[in-house]
Amino acid sequence: MVLQKLLCVLVFLLICTSKAINPEAEALLRWKSTLIGSTKSLSSWSIATSTCSWFCVTCDAAGHVTELHLPNKGLHGTLHAFYSAAFQNLTVLNLNSNNLVGMIPANISLFLTLAVLDLSYNNLVGAIPYQLSHLPKIVKLDLGNNHLSNPEYANFLPMSSLKLLSLANNNLSGAFPQFIINSTNVGMRSLDLSGNTFSGPLPDSLPEMVPRLRCLNLSANGFFGS
């Protein structure tokens with residue numbers, strides 16, 4: 001009888017614990033555990049406290065994580081463990097100016113609510129995943145100042161919501177990316193392709209873009225034309 005009562009108590013505690021653990025918190029803590037060296041800036045990230053009280057985490061009224069702002073926090077590691085289906089409301093992912101390494105996981109494209117993705121000023125390598133063009137609500141995509149190489153441009157979709165794009169200071173080459181031209185019908189406001197080895201003629205349709213652009217930087221490439 002005593003044993004049965006103990007088992008009931010244990011089951012009850014397990015159920016309560018499973019209900020209390022926020023899957024978004026689990027995902028963030030899992031990613032934190034993969035980071036190398038000091039994670040002092042993330043010391044408030046603990047299962048013992050509400051996710052919405054964590055440093056640099058913003059939540060909506062329902063308690064879901066909507067924004068993650070961690071620029072220049074000395075983070076060293078990869079993004080491979082970051083993705084979780086729990087992030088159904090994430091709109092901003094800002095990890096610029098850290099020491100993130102490795103490739104950009106294609107599954108970031110599954111964050112369908114994402115409006116801002118800023119991974120600039122890191123040490124990311126490899127091809128830019130064309131799946132990023134599948135983000136339906138992306139407004140700002142900043143991948144500048146990494147070591148990224150050419151994506152499969154042929155698989156890029158027009159990014160109809162994009163307003164700011166920076167691919168500056170990477171290892172990109174070849175002709176002016178066609179997907180940018182295909183995305184201009186929405187009125188891109190800022191475009192920075194500087195510091196790569198792009199070459200060839202500027203597209204004939206570029207002048208149609210210029211009046212809408214507030215910032216255009218194509219310097220330190222091999223483009224020609226007017």
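Bear in mind these aren't lab numbers, they're just calculated from the coordinates by the rules spelled out. Being a predicted model, the structure only gives us computed values, none of them experimental. Positions of Cβ are backbone-derived with ideal geometry, glycine not excepted, and every protein chain shown enters the neighbour counts.
Sort out for me the Cα centre separation of the range 137-161 from the range 78-130, rounded to whole Å.
12
If the viscosity is 1.306 mPa s and the temperature 10 °C, what Stokes-Einstein diffusion coefficient in µm²/s follows for the chain when Rh is the Kirkwood radius over Cα pairs? Can you show the working numbers first?
Working: Rh = 19.4 Å.
Translational D for this selection: 82 µm²/s.
Using 1/(1 + (r/R0)^6) with R0 = 25 angstrom and r between the beta carbons of ASN150 and LEU112, what's the FRET efficiency to the nearest 0.05?
Working from the Cβ atoms, E equals 0.45.
Based on the mean of other Cβ atoms within 10 Å per residue, sort peptides 148-154, 163-169 so the most packed one is first.
Ranking, from highest mean packing down: 163-169, 148-154.
Explain nothing, just compute: Karplus ³J(HN,Hα) = 6.51 cos²θ - 1.76 cosθ + 1.60, θ = phi - 60°, for every residue of the range 144-150 in order, whole Hz, x for Gly and Pro.
x, 6, 10, 10, 7, 10, 4
Taking the 0 to 90 degree range and rounding to the nearest ten, how far is the long axis of helix 2-20 tilted relative to the main principal axis of the chain, both from C-alpha atoms?
For helix 2-20, the angle is close to 20 degrees.
Calculate, axis by axis, the spread of Cα positions in the range 135-175 along the three principal axes, and write the results as whole Å, longest axis first.
Its Cα atoms span 26, 22, 15 Å along the three principal axes.
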